[in-house]
Amino acid sequence: MSTLTTLHTEKQDWSGLDIFLFRTTFIFLLLLTIPLDPGYYQKIFSFNLSNLHFQDFFQLSNYVPRLFATSDWGIASYSGWGVALLVALAGAFIWQRMDTTGKQDNEQLYYWLRVIVRYRLALALIGYGVIKLIPVQLPGATLSDLHTAYGDFLPWKIYYLSTGVAKAGYEQTLGAIEIAAGLLLIWRPTAVIGAGIAAAFLINIVLVNFAYQLGQHVYSVYLLLLAAFILAYDTPRLFQLLVKEGKARADHFEPVFSKNIPPLRYAAKIALAVFVVAYASLTYSSHAKSKWPYPDTPGLSKAYGVYNVKEFTVNKKSLPYSATDTTRWQDVVFERWNVLSIRANKNFPVDTSSPVIEAHADAKRNFDAEGNGGRAFYSYVTDKNKITISNKYIHSDIQVYTFSRPDSSTIVLDGVNSSNDTLHVVLERLNKEYLLFKGRRKPVKVY
Amino acid sequence: MTALTLAAEKPPVLARQNNKKEWSSAERFLFRISFIFFILLIIPVEPSWYNKLFSVKTVFAFLNSLTGYRVGFYSLHSDSGKWGLYAFVSWGIALLVALAGAAVWTFLLRNSKRKAYHDLYYWLRVLVRYRIAIGIIAFGFLKLYPMQMPDPSISNLDTNLGDYNTYKIYWQIVGVSIWYEIVLGLVEIVAGLLMLFRGTTALGAVLVAGVLYNIAHANIAYDGGVHVYSAYFVLLSLFLLVQYVPNLWKLLIKKQDVEAEYYYPIFKSKGAKTRFYTAKYAIIFVFTILFGILRYDVHYHVGQLKEPKTPGLPKAAGYYNVTEFRLNDKVIPYSPLDTLRWQSVVFEKWSTLVYKVYKPFSISLANGTPNPKDIDRSYELAGIAGGRKFLYYTADLKKGKLFLEDKNRPSLPEGDAPAKKNTAISKGNKKGKKENALVWNFYRPTADRIIITGLNENKDSIHVILDRVIKRYPIKYDRSHASL
């Protein structure tokens, strides 16, 4: 790539090898960039245009070129790229054979490839930047999370929560940097700066995706590849100026546009501006109005809190507090929304899915359960004094209880659990203070 | 210093290096400010710093002091003075002094014919580059030998997220992935190395500015406490980048061809050149290779670590349920709300025993920095709540005795200082046991059961039966293989 760009900068003719490498790159990057996955279009066309969500805009920006990967993990998750590379090599070979005149303007083609890559990368960066600037991608910890042991989270979840608990606009600043890099990519003179910021940012994102199995290792490597491709164009002159400290030639290339192109360029820029503004405003209004990725349906009134399981009777037999009993609940959390979570002495099956940025109705918002292996999560509906709780991960686990609230801090449940045992449960709210919110600036004494 | 005076007396003559451009009076004034400002930030002026430097006992400690000077003319004793914006007060003082100094300097030289400070600028940049390099390389080694953020201990894995302090969460997440920590260390070392050569300074400065900005902001976001020191490296890197901005602007934005014309000293004699490069490579050797070896030695041989090193009871590491708990011969049933009855016990693989009760404790808000003695190695309890009592112990395996001492000593202002000798636990059967030291008997009827008897801190007798539980922590699951 560097010989190619050096030659280009020096306005020399391209060698046969340069042209072949360029054509391979051209086909390869287009195969990865043009959405070939029908699933992408299905998703796009399923959007309700009269009621668009910010998540829809995100999905628009979020085409992940997995192609036909044989696995979601490891080297096999890039298998589609290997095929794309083979296709690109074959395509470049055929192209080379068919191009008998040699008059094709490779520099113009190279320019257009850069345009496509710049816009693609900008879209992705803005897509992720907006949901950090308006912090919905990595939300703060829920009460259930606060009552989950550190070791009971999957690595991706503890990484998300660790970022989510940051103060001082940390997450927001990360988002602002991504957006700035994206915007710099839109203008040709600043594209190299945007690509530089993006590359630095993406190197870390690639690393943490592997380190914590965040699930976006294919996408992040793809984006890093795009940033490197943009950087490569200006690398020779930067090398001359900064490393050799000698003469550096500026980029004197000017694209030759046919008549129809300039309006198209403006149209593209305006379309992107509209996209950014609409996406950001929808994200903002969702953040203001909605608890997404958590459900919006309010929970039982004034029930928010963590509860000690004071009494627990199974089939009329009272079980005392126990650290070892697998039936007896240990504590229960009522969230502000219609979710409660239960801790007991057993290994709950863990929802191992990766987090997705998709607009879902409350019932399918599983972010609180995803990656949390310490608790069982139930969404619930109440009807007078009846409460029906449905396990968010094990869908067959539905339990119905009658509940009463003898005082403001007590909830009594009577019903049948998923093993058909009759339960009588008395929950008593605990006054719990959290070290997490105490800071470290003053001495802290806390349970 | 010889080279500096030399360069100042004899302006270089070679065309490319002889940047004769004159500076405007504003540029000269700005330079004078920067010069004084950065000298103040880099060269220690407090005598106490030198006293401390020359009172250290090892080569490593000496070098480590050199790499870690933090300017501190004045610190405000307030929240913000330590954790927030006011912590930058020393920078403000340096800037004020620099302004005043530059004004005097300008006044004194009002008739001078000197129109630029290419040589001084060059040497200031050298100073800044080397300051960044030795500081950031020293930081990098902490992660390369991954001990800055140890992986979570058993008791920390068992601690609820809400019972963590934010700063501990920030460090713990890096410790979760040791190879990520090693890569971060490598990046810092490479960035530091890039600082040592002219041609790679720009790239190194970009790297340092990016990485250290992230660290500085995160330290504010999580109360990490080193935001000023990390921001210091950002400031120094940005200063280095200033030189490149005009040319980059012309080359990239205005699309003009440019030719770099930076000043470099020309050595009058071969001897001067030899001295220059000898000094340069001596510094590089000392702060990379030698420092790296010494750092390794200090961690892994001397044992200057955050986590205790002495092995705990053999084959006892793990999480234990408290099957039976007797207090003064009375069985107390398990309860998550009991302030005296233990809920669980963790034996770490080192000599720490942690028991959990439903009771507020003073929380260690220390950094848990490396210490030579196990009892002072407080990383495992730093920023951890949830009713946990962390006890350091020594064991007499023959007699079946444990000698224990509370690791949490919140009275220390900085929290990280080693214990004074008189509070250290008496080793084994030494006489003069402290009042806060506990002596318990233990025996192990089976591999997974430990029975402890003795007096607790209230002098009540306890008899505790512990049974090990094998825990499979989801944080160790590999999503690419494990089916859960």
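Brief remarks on what is shown
- If you go through region A:238-251 and keep only what is of a type outside the set (A, V, I, L, M, F, W, C) and either more than 21 Å from A:Arg188 (Cα to Cα) or at the interface with another protein chain (Cβ under 7 Å from one of its Cβ atoms) (or both), you end up with A:Lys244, A:Glu245, A:Gly246, A:Lys247, A:Arg249, A:Asp251.
- Checked against (1) more than 8 Å from every other protein chain (Cβ to nearest Cβ); (2) in contact with a helix residue (DSSP H, G or I) (Cβ under 6 Å, 6 or more places away or on another chain); (3) free of Cβ contacts under 8 Å to residues at least 60 places away in the same chain, A:Ile193 passes all but condition (1).
- Candidate set: region A:410-436, residues that are under 34 Å from the mean Cα position of the chain (by Cα) and surrounded by 17 or more Cβ atoms within 10 Å (Cβ to Cβ); chosen: the one nearest to B:Pro336 (Cα to Cα): A:Lys432
- Hey, B:Lys168 farther than 28 Å from A:Lys438 by Cβ and of a type in the set (D, E, K, R) or not: no
- For A:Gln172: the one exception among (1) outside any loop (DSSP other than H, G, I, E, B); (2) more than 8 Å from chain B (Cβ to nearest Cβ); (3) crowded, with 19+ Cβ neighbours inside 10 Å: (3)
- For region A:277-303, filtered to residues that are among the hydroxyl-bearing types (Ser, Thr, Tyr) and part of a loop (DSSP other than H, G, I, E, B), the residue that is surrounded by the fewest Cβ atoms within 10 Å (Cβ to Cβ) is A:Ser301.
- Strands (runs of 3 or more DSSP E) (entirely within region A:304-375) containing at least 2 residues that are at negative phi, within 12 Å of chain B (Cβ to nearest Cβ) and modelled with pLDDT of 95 or more: A:305-314, A:329-334
- Matching option when the condition is away from chain A (no Cβ under 14 Å), in contact with a Gly (Cβ under 8 Å, 6 or more places away or on another chain), within 26 Å of B:Phe31 (Cβ to Cβ) and surrounded by 14 or more Cβ atoms within 10 Å (Cβ to Cβ), among B:Phe276, B:Phe233: B:Phe233
- Any hit, region B:160-172, residues being within 13 Å of another protein chain (Cβ to nearest Cβ), touching a Pro at 6+ places or on another chain (Cβ under 9 Å) and over 23 Å from B:Leu238 (Cβ atoms): yes
- Listed by first and then second residue, the pairs with beta-carbon distance under 9 Å, at least 6 apart or on different chains, first residue in region B:347-359 and in a loop (DSSP other than H, G, I, E, B), second basic (Lys, Arg), are B:Ser351/B:Lys309; B:Val357/B:Arg341; B:Val357/B:Arg388; B:Val357/B:Lys389; B:Tyr358/B:Arg341; B:Lys359/B:Lys389.
- Single residue of B:Tyr244, B:Tyr262, B:Tyr222 found to be within 10 Å of chain A (Cβ to nearest Cβ), touching a residue at least 40 places away in the same chain (Cβ under 8 Å), touching an Asp or Glu at 6+ places or on another chain (Cβ under 9 Å) and not charged (D, E, K, R): B:Tyr262
- B:Lys270 being of a type in the set (D, E, K, R), exposed (fewer than 14 other Cβ atoms within 10 Å of the Cβ) and farther than 17 Å from B:Val59 by Cβ: yes
- Condition met for A:Lys259 (more than 24 Å from A:Phe26 (Cβ to Cβ), loosely packed, with under 12 Cβ neighbours inside 10 Å and over 35 Å from the mean Cα position of the chain (by Cα)): yes
- For region B:173-195, the set of residues classified as at the interface with chain A (Cβ under 10 Å from one of its Cβ atoms) and in a loop (DSSP other than H, G, I, E, B) consists of B:Ser177 only.
- Flag for A:Asp407 being without any contact (Cβ under 8 Å) to a residue 40 or more places away in the chain, in a strand (DSSP E or B) and not hydroxyl-bearing (Ser, Thr, Tyr): no
- So A:Ser396, is it within 37 Å of the chain's Cα centre (by Cα), more than 14 Å from chain B (Cβ to nearest Cβ) and either in a strand (DSSP E or B) or buried (at least 18 other Cβ atoms within 10 Å of the Cβ) (or both): no
- When A:Gly439 is tested against (1) in a loop (DSSP other than H, G, I, E, B); (2) away from chain B (no Cβ under 14 Å); (3) surrounded by 15 or more Cβ atoms within 10 Å (Cβ to Cβ), only condition (2) is not met.
- Scanning region A:381-393 for residues that are over 22 Å from A:Asp152 (Cα atoms) and buried (at least 21 other Cβ atoms within 10 Å of the Cβ), we see that the one that is nearest to the other protein chains (Cβ to nearest Cβ) is A:Ile389.
- Those helices (runs of 4 or more DSSP H) of region A:72-157 in which 2 or more residues are within 21 Å of the chain's Cα centre (by Cα) and touching a residue at least 60 places away in the same chain (Cβ under 8 Å) occupy A:106-133.
The values are calculated or read from the model by the stated rules, or taken from the named source; none is laboratory data. It should be emphasised that the depicted structure is a prediction, and the values quoted were computed from it without experimental measurement. Note: ideal-geometry Cβ built from the backbone for every residue, glycine included; neighbour counts use all protein chains shown.
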